[in-house]
1. Select, from 88, 38, 54, the only residue that is free of Cβ contacts under 8 Å to residues at least 40 places away in the same chain and within 20 Å of residue 26 (Cβ to Cβ).
2. Of the conditions (1) at pLDDT below 60; (2) part of a helix (DSSP H, G or I); (3) not charged (D, E, K, R), residue 21 fails just one. Which one is it?
3. Please pick out the residue among 9, 102, 38, 54 that is modelled with pLDDT under 95 and under 13 Å from the mean Cα position of the chain (by Cα).
4. Just the residues that are assigned to a loop (DSSP other than H, G, I, E, B) and either small (Gly, Ala, Ser) or on the phi > 0 side of the Ramachandran plot (or both), please, taken from the range 57-83.
5. Only one of (1) crowded, with 16+ Cβ neighbours inside 10 Å; (2) under 17 Å from residue 102 (Cα atoms) fails for residue 66. Which number is that?
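The values are calculated or read from the model by the stated rules, or taken from the named source; none is laboratory data. From a predicted model like this one, the values you see are computed outputs, not experimental measurements. Here Cβ is always computed from backbone atoms with ideal geometry, including for glycine, and neighbour counts include all displayed protein chains.
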Amino acid sequence: MINNAIKNIAVAGMLFALTACSTSTPSKEKVAEAVKKIMPVKFEVVSVVPLKEIPGVIEVSIRMDNQPVVFYMDKKAQYVISGSLLHIDSKKNLTNEAQQRIKGK
């Protein structure tokens with residue numbers, strides 16, 4: 001279990017380093033096109049927002065069957081990071097907060 005967590009952190013770190021050079025945020029359409037390749041169900045892209053805290057990573061919020069789903073991508077929309085994003089110092093679950101924002105829309 002711990003080895004998998006360390007491996008996931010290492011992969012995420014490499015992804016962040018590789019994507020940090022990209023400056024433009026992909027459009028909702030580009031994100032939808034990429035996501036359809038791995039999730040062939042009906043969904044709506046609600047928002048695509050660059051994360052200020054992690055350069056090169058975007059937060060993608062979608063609505064699927066009226067349920068909010070949040071995940072993270074690189075700015076080229078080639079990689080997806082699925083799971084909760086936690087801020088260590090504040091102990092905030094940023095993914096959960098984003099899902100709550102979608103529910104409010």
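1. Details: 88 fails: within 20 Å of residue 26 (Cβ to Cβ); 38 fails: free of Cβ contacts under 8 Å to residues at least 40 places away in the same chain.
When all the criteria are applied, what remains is 54.
2. It fails just one condition, (2).
3. Numbers: 9 fails: under 13 Å from the mean Cα position of the chain (by Cα); 102 fails: under 13 Å from the mean Cα position of the chain (by Cα); 38 fails: under 13 Å from the mean Cα position of the chain (by Cα).
Going through 9, 102, 38, 54 in turn, just one is modelled with pLDDT under 95 and under 13 Å from the mean Cα position of the chain (by Cα): 54.
4. Filtering the range 57-83 for residues assigned to a loop (DSSP other than H, G, I, E, B) gives 65-66, 75-79, 82-83.
The answer is 65, 66, 77, 82, 83.
5. (1)
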